[in-house]
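Structure, as structure tokens:
The values are calculated or read from the model by the stated rules, or taken from the named source; none is laboratory data. Everything numeric in this text was worked out from a predicted model, so none of it was measured. For neighbour counting, all protein chains shown are included, and Cβ atoms are generated from backbone atoms with ideal geometry for every residue, glycine included. Keep in mind that these areas ignore ligands, DNA and RNA; they rest on the heavy atoms of the full protein, side chains included. Shrake-Rupley method; radii C 1.70, N 1.55, O 1.52, S 1.80 Å.
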Amino acid sequence: IFAESEDEPEQLDLGSFENVQGSVQFQKITSQGEALSDPVFSLYRDGEKVRTDIQPNSDGKVFVDDLEPGRYTFKEVSAAEGYILNTNTLDFVVTDVHAGALDTIDLGNFINYQGSVRLHKTDPDGSALAGAQFELRQGENVLSKWVTDEFGAFTVDKLAPGDYTFVEVKAPDGFAVNTEPIDFTVDAEQAGEPKLIVLNPFINYQG
């Protein structure tokens, strides 16, 4: 556009100018990579809850759009059945300054885990005892049966949150059954991947 013009100045078409809002996505999966659609999330903006009852689709994907600029946090409020609630949060920012359209913010995967426990069977001197047979119980229900290996141990995984008990039902040859139950708990909430529950050595004595 020139400062002086004998003719009427030509109008410039700058096109349309739009304000856009942000969008975000992530996928909810198990530690084996399987999709989870049961968990429920709340979304916070600058510390204030702005959306509730957000659930993944059948592929475990969460997509939220129409987000104003601000600092956001996803919090899991209900885990999938049989899984530990992950208290870690997903944090992201929708900027208020940008050139052109905003790309969808991809937060990657958010994982729900299950619990695991390891039992170790020894004699009074601390030597490993193979062949001890146990039942894993929850209340009066027998969930599974386990036998200690050559190292006197076994590991049980894929445990839902709750209270459990190991009961020895058969001792290694030459030893008496230890009738003391072994109780442990898989917590309902954990920040990220839970640690393996390692029980104190369980001792068999000779008769």
Point to revise | In region 52-71, residue most open to solvent (accessible area, probe 1.4 Å) [restricted to those that are in a strand (DSSP E or B), of a type outside the set (Asp, Glu) and more than 21 Å from ASN112 (Cα to Cα)] | key: ARG71
**Study point:** Single condition PHE92 does not satisfy, out of (1) in a strand (DSSP E or B); (2) open to solvent by 20 Å² or more (accessible area, probe 1.4 Å)
**Key:** (2)
Review point. Of all residues in region 47-56, which are in contact with a Phe, Trp or Tyr (Cβ under 8 Å, 6 or more places away or on another chain) and of a type outside the set (Val, Ile, Thr)?
Key: GLN55
Practice item. Select from region 114-132 the residues that are out of contact with any Gly (no Cβ under 8 Å at 6 or more places or on another chain), assigned to a strand (DSSP E or B) and open to solvent by less than 70 Å² (accessible area, probe 1.4 Å) and list them in ascending order. Key: GLY115, SER116, VAL117, LEU119
Check your understanding: Would you say ILE197 is farther than 21 Å from TYR113 by Cα, in contact (Cβ under 8 Å) with a residue 60 or more places away in the chain and surrounded by 16 or more Cβ atoms within 10 Å (Cβ to Cβ)?
Key -> no
Revision key, fill the gap. Of those in region 36-51 that are open to solvent by 10 Å² or more (accessible area, probe 1.4 Å) and touching a strand residue (DSSP E or B) at 6+ places or on another chain (Cβ under 6 Å), the residue nearest to GLU193 (Cα to Cα) is LEU36
**Study point:** Members of region 135-167 found to be in a strand (DSSP E or B) and either in contact (Cβ under 8 Å) with a residue 60 or more places away in the chain or closer than 12 Å to ARG118 by Cβ (or both), listed by number
**Key:** TRP146, ALA153, PHE154, THR155, VAL156, ASP157, LEU159, PHE166
